[in-house]
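S.K.: What follows is a single structure, and I will ask about it in a moment.
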Amino acid sequence: MKSASPQGTVKKGEVVHAVIVRLTKEWRREDGSYIRFDDNAAVLLDADGQNPKGTRIFGPVARELRDKQFMKIVSLAPEVL
């Protein structure tokens, strides 16, 4: 992380776990189709590695998160592609 906000929960230099939910690089799905997003995005996880630290997710997420058992992230997202 290059910078951190003073009132944020993640401090500069802290190591955290995250799940990548969007990539600008096209990614091949198991059915042979490709998916690509307009921006890169990740969701920070708690110490247990399953629950997101935040309470909102802006923008769509990939449906492969369901297969990886990240149901809380899927439920917070406004759209699953």
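A short reminder: the numbers here are calculations on the coordinates, not readings from a lab. Nothing here was measured: the structure is a model prediction, and the numbers come from that model. For neighbour counting, all protein chains shown are included, and Cβ atoms are generated from backbone atoms with ideal geometry for every residue, glycine included.
S.K.: Assuming 0.36 nm per residue, please report the length gained on full extension of the stretch SER33 to LYS11 beyond their Cα-Cα distance. Don't skip to the answer; put the middle values down first.
M.R.: Values: separation 22, 0.36 × 22 = 7.92 nm, distance 3.87 nm.
In short, 4.1 nm is gained.
S.K.: Additional query: Sequence-distant or interchain residues sharing an amide H contact under 5 Å with ALA18, placed H: which?
M.R.: LEU45
S.K.: What are the ³J(HN,Hα) values, in whole Hz, obtained from phi via the Karplus relation 6.51 cos²θ - 1.76 cosθ + 1.60 with θ = phi - 60°, for each residue of region 60-70 in sequence order, with x given for Gly and Pro?
M.R.: Calculated HN-Hα couplings, in order: x, 10, 7, 6, 5, 5, 5, 5, 8, 6, 9 Hz.
S.K.: No solvent, one uniform scatterer per C-alpha: report log10 I(q)/I(0) for the chain via the Debye equation at q = 0.12 1/Å, two decimals.
M.R.: Reported log10 I(q)/I(0), two decimals: -0.38.
S.K.: Add -39500 (n - 2.57) for each DSSP H run of 4 or more in the chain, then divide by its residues: what number comes out at 222 nm, to the nearest 500 deg cm²/dmol? Show your work: numbers first, answer last.
M.R.: Details: 2 runs with 10 residues, N = 81.
Dividing the helical sum by the residues of the chain leaves -2500 deg cm²/dmol.
S.K.: Separate question: Any chance you could run the full-extension gain for GLU79 through ASP48? It's 0.36 nm times the residue separation minus the Cα-Cα distance, nm to one decimal. Working shown, then result.
M.R.: Working: separation 31, 0.36 × 31 = 11.16 nm, distance 2.52 nm.
Between GLU79 and ASP48, full extension yields 8.6 nm more.
S.K.: Hey, another quick one. For ALA42, what residues show an amide H to amide H distance below 5 Å, using hydrogens built from the backbone and excluding near sequence neighbours?
M.R.: Answer set, sorted by chain and number: VAL21.
S.K.: Note down the magnitude of the dipole of the chain about its Cα centre, charges +1 on Lys and Arg C-beta and -1 on Asp and Glu C-beta and zero elsewhere, to the nearest 20 debye. Provide the component values of the computation, followed by the final result.
M.R.: Details: 14 positive and 11 negative charges, 44 e Å.
It comes to approximately 220 debye.
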